[in-house]
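The values are calculated or read from the model by the stated rules, or taken from the named source; none is laboratory data. Keep in mind that this is a model prediction, so the values were computed, not measured. Please note: Cβ atoms are built from the backbone with ideal geometry, for glycine as well, and neighbour counts cover all protein chains shown. SASA here: full protein model, heavy atoms, side chains in, ligands and nucleic acids out. Shrake-Rupley method; radii C 1.70, N 1.55, O 1.52, S 1.80 Å.
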Amino acid sequence: MQMETGVSLKPYNSFGLPAVAQTLVRVRSDADVRQVVDHPLLGRAPKFILGGGSNLILTRDMPQTVLKVEVPGIRLVEARPDAWIVEAGAGESWQALVMWTLSQGYPGLENLALIPGSVGAAPVQNIGAYGLELQDRFESLDGVDLRTGLGVTLGPEICAFGYRDSVFKHSLAGRVLITRVRFRLPRPWRPVLGYLELERKIAETGVSDPSPLQVADWVMAIRRHKLPDPALIGNAGSFFKNPIVSPEQCRDIIDRDPDIVHYPLPDGQVKLAAGWMIDACGWKGKTVGRAGVYDKQALVLVNRGGAIGAEVMTLARAIQESVYGRFGIRLEPEPVVM
Ligand SMILES: Cc1cc2nc3c(=O)[nH]c(=O)nc-3n(C[C@H](O)[C@H](O)[C@H](O)COP(=O)(O)OP(=O)(O)OC[C@H]3O[C@@H](n4cnc5c(N)ncnc54)[C@H](O)[C@@H]3O)c2cc1C
């Protein structure tokens, strides 16, 4: 383990927000995490687990000990007749994992290409995009309990995945540091192409039987077109979750706003497009202080240059109020706010 003090977190969050960690410890193995737990001072101190900082809004300096997860390694664990089992260290970049699996001939993660952040954070919010969620490819994960120092291996039933949700946002929040994740990539591979923008790509290109790499290329092209690159414009991706409502609530909104974009879910509930609602309230392209709403996608809040976390949250609250005023729906932020 490597301990540093007074560390600027600005380079470690994709929104580029200023904050200082009193103590930052880089952990590269389970043994490193156990050393932190057994440490006479660090052991008892409150802790915050940091991956790539791409789902994080920092509104203040961090008095907690920041554990920066840097566990390396990607490998094929098993080639079963029905699936490849791949394991990756929590500190690996998600995109590096996706590209590695594709280059090795273990497809299945291509719809999740180009999502920023680390492998270890992916189960925390059950990352999802273009018709696929992490839970669809999840086998199990290893972690270390930050109270006891004991190693744990958890399967999908304990992880309790939901829409941008898991047990790591509830009873195990801040309690288990994920060190490795294993993925089950089904054989034979079947593309997941039901998402509207992918159907459009098939129509545009005339390729109805794409390879895994072709799907990844399509996904990356769509994402590059509509999402700001955090290296150029600070942001945390979608700022709000798409609200899920009952069919009755949805009908009530449709009566008032017939154009509202909504998607029926298999369980009978309905997902509303938060970006559409924010746009309908006139927020697209607006700026408040040094934070703003991205002009190509109203669901994404951006750093216009030099923003602080409080400005981002002021803007977020103003958006929540106007969406509530018009639709009676409370938008819930997707990133972790500290
Ligand atoms: C441009 C852009 C596009 C995005 N697109 C998508 C998208 O399409 N779909 C989607 O789902 N998300 C998307 N995101 C959000 C983000 O990329 C994901 O949530 C990602 O998984 C966060 O990873 P991270 O390593 O940066 O996590 P961080 O921001 O560092 O942490 C997020 C949370 O996870 C916890 N955590 C991190 N690592 C660990 C660990 N090893 N063990 C336990 N807890 C941990 C942290 O404590 C924190 O609570 C996007 C973000 C950006 C900036």
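List the strands (runs of 3 or more DSSP E) inside the stretch 42-121, counting only whole elements, that have at least 1 residues being within 16 Å of the ligand (Cβ to nearest atom), in contact with a strand residue (DSSP E or B) (Cβ under 9 Å, 6 or more places away or on another chain) and within 27 Å of R317 (Cα to Cα). Show your work before the answer.
On the way: elements: 47-50, 62-69, 74-79, 83-89.
In the stretch 42-121, 47-50, 62-69 are the strands (runs of 3 or more DSSP E) which contain 1 or more residues that are within 16 Å of the ligand (Cβ to nearest atom), in contact with a strand residue (DSSP E or B) (Cβ under 9 Å, 6 or more places away or on another chain) and within 27 Å of R317 (Cα to Cα).
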Practice item. Given the conditions (1) in a helix (DSSP H, G or I); (2) open to solvent by 10 Å² or more (accessible area, probe 1.4 Å); (3) farther than 30 Å from G306 by Cβ, report the number of the one that R223 does not fulfil. Key: (3)
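Here is a check on your reading of the model: is L102 within 30 Å of G234 (Cβ to Cβ) and open to solvent by 10 Å² or more (accessible area, probe 1.4 Å)? Steps first, please.
Values: within 30 Å of G234 (Cβ to Cβ): yes; open to solvent by 10 Å² or more (accessible area, probe 1.4 Å): yes.
Taking the combined requirement at face value, the residue satisfies it.
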Review point. Say we look at the stretch 305-338 and pick out the residues that are open to solvent by 20 Å² or more (accessible area, probe 1.4 Å) and touching an Asp or Glu at 6+ places or on another chain (Cβ under 9 Å); which of these is nearest to the ligand (Cβ to nearest atom)?
Key: Q320
Practice item. Name every residue in the stretch 195-220 that is open to solvent by less than 60 Å² (accessible area, probe 1.4 Å) and touching a Gly at 6+ places or on another chain (Cβ under 8 Å), in order of residue number. Key: L198, P212
Practice item. State whether one or more residues within the stretch 244-266 are within 16 Å of the ligand (Cβ to nearest atom) and either acidic (D, E) or more than 24 Å from A113 (Cβ to Cβ) (or both). Key: yes
Revision key, fill the gap. Contact list, first residue from the stretch 262-287 and among the aromatic types (F, W, Y), second anywhere and at pLDDT below 95, beta-carbon distance below 6 Å, six or more apart or interchain, is Y263/K271; W276/V261
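Take the stretch 288-304 and flag every residue that is at negative phi and either open to solvent by less than 40 Å² (accessible area, probe 1.4 Å) or of a type outside the set (D, E, K, R) (or both).
Step one: filter the stretch 288-304 for residues at negative phi, giving 288, 290-304.
If the condition is that a residue be at negative phi and either open to solvent by less than 40 Å² (accessible area, probe 1.4 Å) or of a type outside the set (D, E, K, R) (or both), then V288, A291, G292, V293, Y294, Q297, A298, L299, V300, L301, V302, N303 are the ones that fit.
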Review point. If you go through the stretch 170-194 one residue at a time, how many are open to solvent by 60 Å² or more (accessible area, probe 1.4 Å), closer than 22 Å to A129 by Cα and of a type in the set (D, E, K, R)?
Key: 3
Check your understanding: From the residues in the stretch 130-166 that are open to solvent by less than 40 Å² (accessible area, probe 1.4 Å) and assigned to a loop (DSSP other than H, G, I, E, B), which one is farthest from L114 (Cα to Cα)?
Key -> G149
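Looking at P107, P81, which one is surrounded by 15 or more Cβ atoms within 10 Å (Cβ to Cβ) and touching a residue at least 12 places away in the same chain (Cβ under 8 Å)?
P107
Among the candidates R190, R182, which residue alone is at pLDDT 95 or above and not in a loop (DSSP other than H, G, I, E, B)? Before the answer, list the steps.
On the way: R190 fails: not in a loop (DSSP other than H, G, I, E, B).
Only one candidate qualifies: R182.
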Point to revise | Subset of the stretch 271-287 [surrounded by 16 or more Cβ atoms within 10 Å (Cβ to Cβ) and touching a Lys or Arg at 6+ places or on another chain (Cβ under 9 Å)] | key: A274, G275, M277, I278, A280, C281, K284
